[in-house]
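So the structure is just underneath, and the comments pick up after that.
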Amino acid sequence: MRVYEALKWASSFLQENGRDENAGEIVLCHVLKVNRTGLLMNMREEITAEQETSFTEFIHKHVEGIPIQYMMGYEMFYGRSFFVNEEVLIPRPETEELIVGVLERIERHFGDEKLHVADIGTGSGAISITLALENKNLHVYTVDIAQESIEVAKENAKALGAEVTFYHGDLLSPFYETGQKLDVVVSNPPYIPEEDWRGLSPVVKEHEPKRALVGGEDGLDFYRRFMEELPNVLQKKAIVAFEIGVGQGEDVKGLLQQAFPHAQVEVVFDINGKDRMVFAEME
């Protein structure tokens, strides 16, 4: 079987079974150990019998509902490879946009100051590790309620050479319990309403951790808790950055304005034109 034939089969098979047809390209790059450019340049190359077997197994398992990232053991985020398993949410491209927004606002708001930054909800470590690697002036902390997630993130921090301080705890508790003040708080908390979760694709619902996805009946539970805890840990001059679910922008903006009446609060739309981030800047 040639490369283009393998892709054609996978695309058709995935589409017929209600899966993303582009998954075939990602899996074949993984099996052949090439990037997308290498794949496209070798479309007429023969693949070995062993590679063909591995490829078809991946595709069949994905059709059965297993996310390809968990099968491969990694996901690319901000140009880096992050180890993932079923203890952590698979990093999404939308969260890369959150990182960009945070870094831009840090530069504008603080310049080259040394800052204490907390990422709440560690997961794979995608946010905390990326911030630490992209801006060396940041002392980055990260908190997760699940020790299993922290172990995954620690592995990623070690592999990528990032200096991050890990806390096992609930939201901002490690900071207000010790009196630690923060300049920046970033979070991609669980924000899917309970009812919406029930309608999610089995690929997500049956494999990714529910604790990282669902934010109560209306999806806003964690944002409400943040508003109670943030005033206890933020410096007077600070930035808060949240990823949000589609349609939650005005609600989360309202919560922030209520908690911080003098803050400049902005809802930001993602590359697909959906409200996806809320930023608050305090002077």
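The values are calculated or read from the model by the stated rules, or taken from the named source; none is laboratory data. Predicted model, so just to flag it, every value in this text is computed and none were measured. Here Cβ is always computed from backbone atoms with ideal geometry, including for glycine, and neighbour counts include all displayed protein chains.
Exactly one residue out of Glu97, Glu57, Glu52, Glu87 is without any contact (Cβ under 8 Å) to a residue 24 or more places away in the chain and either in the same structural domain as Val278 (by TED's automatic domain parsing) or of a type in the set (D, E, K, R) (or both), and it is Glu57.
Where strands (runs of 3 or more DSSP E) sit wholly within the range 233-283, those with at least 3 residues that are touching a residue at least 60 places away in the same chain (Cβ under 8 Å) occupy 234-243, 275-282. Do we have any residue at all in the range 87-95 that's more than 24 Å from Pro174 (Cβ to Cβ) and modelled with pLDDT of 95 or more? Within the range 87-95, none of the residues are more than 24 Å from Pro174 (Cβ to Cβ) and modelled with pLDDT of 95 or more.
Of all residues in the range 36-70, those satisfying the criterion of being surrounded by fewer than 15 Cβ atoms within 10 Å (Cβ to Cβ) and either among the aliphatic types (A, V, I, L, M) or assigned to a helix (DSSP H, G or I) (or both) are Arg36, Thr37, Gly38, Leu40, Met41, Met43, Ala49, Glu50, Thr53, Glu57, His60.
In the set (1) modelled with pLDDT under 95; (2) more than 25 Å from the chain's Cα centre (by Cα); (3) basic (Lys, Arg), Arg19 fails one condition alone, (2). Among the residues here, Pro91 does not qualify as buried (at least 20 other Cβ atoms within 10 Å of the Cβ), out of contact with any Gly (no Cβ under 8 Å at 6 or more places or on another chain) and under 30 Å from Ser187 (Cα atoms). For the range 148-163, a residue qualifies if it is over 14 Å from Pro209 (Cβ atoms) and surrounded by 19 or more Cβ atoms within 10 Å (Cβ to Cβ), and the qualifying residues are Asn156, Ala157, Ala162. Of all residues in the range 195-227, those satisfying the criterion of being charged (D, E, K, R) and either more than 24 Å from Val268 (Cβ to Cβ) or assigned to a strand (DSSP E or B) (or both) are Glu195, Arg198, Lys205, Glu206, Glu208, Lys210, Arg211, Glu217. The set of residues in the range 11-35 being in a helix (DSSP H, G or I) and under 13 Å from Ile68 (Cα atoms) consists of Leu14, Ala23, Gly24, Glu25, Ile26, Val27, Leu28, Cys29, His30, Val31. Contact map, the range 166-194: first residue free of Cβ contacts under 8 Å to residues at least 60 places away in the same chain, second residue surrounded by fewer than 21 Cβ atoms within 10 Å (Cβ to Cβ) and of a type in the set (Lys, Arg), Cβ cut-off under 7 Å, separation 6 or more or different chains; pairs are Phe166/Lys154; Leu171/Arg225. Selection within the range 213-262: residues that are under 24 Å from Leu115 (Cβ atoms) and among the acidic types (Asp, Glu). The member of this set that is surrounded by the fewest Cβ atoms within 10 Å (Cβ to Cβ) is Glu228.
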